[in-house]
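Undergrad: Have a look at this one before I ask anything.
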Amino acid sequence: MKERRRYKRLPIKLELEVSEVFKQDNNVIKDLNAEIDVLDISKSGIGFITSSIIPVGYYFNATILMENTDQKLLTVVKILRRTEDGESNFHYGCEFVGLASIFHSVFDDYEKSIEA
């Protein structure tokens, strides 16, 4: 099967908490308190698992500290898809929204750090 992703997925261990999601029409869902485990990251987005149901098509703010490099990214993340794994967990695929290409070097540095 041909790889369709634009950027390489890199393994990462991050824990985030999503307390609020929003849509562009000012529709906000508060007090989610969803603990998520980020599994992978790329220049275009993240993949994570959680036991919480988070609506697809919504956005959340994220602060991502890249392990091994101590570089921090402040970004908005859009939830694109959700699948269930049969064990009460949900897998999510998300994209970064408005992340400037100047930050691609952060991912390049991270990739080098995990290959070393």
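Undergrad: Hand me the tally of lysine pairs in the chain: alpha carbons under 29 angstrom apart, and the pair either on different chains or 8 or more positions apart.
TA: Summing the qualifying lysine pairs gives 26.
Undergrad: Still on this structure: Cut-off 10 angstrom, C-alpha nodes, Gaussian network model of the chain. Which of Asp37, Asp85, Asp25 fluctuates the most?
TA: Ranking Asp37, Asp85, Asp25 by mean-square fluctuation puts Asp25 first.
Undergrad: Taking K and R as +1 and D and E as -1, what net charge do the other residues with C-beta under 11 Å from the C-beta of Ile79 add up to? Present the calculation step by step, with values, prior to reporting the outcome.
TA: Details: positive: Lys23, Lys78, Arg81, Arg82; negative: Glu95.
Around Ile79, the charge tally is +3.
Undergrad: At 37 °C and 0.692 mPa s, grab the translational diffusion coefficient of the chain from Stokes-Einstein with a Kirkwood Rh over Cα pairs, rounded to a whole number in µm² per second.
TA: Values: Rh = 14.8 Å.
So the translational diffusion coefficient is about 221 µm²/s.
Undergrad: Largest first, how would Ser42, Ser101, Ser19 line up by accessible area (1.4 Å probe)? Don't skip to the end; give the middle numbers.
TA: On the way: Ser42 10, Ser101 85, Ser19 60 Å².
Largest to smallest exposure gives the sequence Ser101, Ser19, Ser42.
Undergrad: For the chain, with a Gaussian network of springs between Cα atoms less than 10 Å apart, report the residue from Ile49, Ile29, Ile12 with the top mean-square fluctuation.
TA: Result: Ile29 has the largest fluctuation of those listed.
Undergrad: Also: Compute the helix-to-body angle for 104-115: its Cα long axis versus the longest principal axis of the chain, expressed 0 to 90° and rounded to tens.
TA: The angle comes out at about 70 degrees.
Undergrad: Please state the equivalent ellipsoid semi-axes for the range 1-52: what are the square roots of 5 times the Cα gyration tensor eigenvalues, largest first, in whole Å?
TA: Details: eigenvalues 129, 49, 15 Å².
After diagonalising the Cα gyration tensor, the semi-axes are 25, 16, 9 Å.
The values are calculated or read from the model by the stated rules, or taken from the named source; none is laboratory data. Note that the structure is predicted; figures quoted are calculated from it, not measured. Here the Cβ is made from the backbone with ideal geometry for all residues, glycine too, and neighbour counts use every protein chain on show. These area figures cover heavy atoms from the full protein model, side chains too; ligands, DNA and RNA do not enter into them. Shrake-Rupley method; radii C 1.70, N 1.55, O 1.52, S 1.80 Å.
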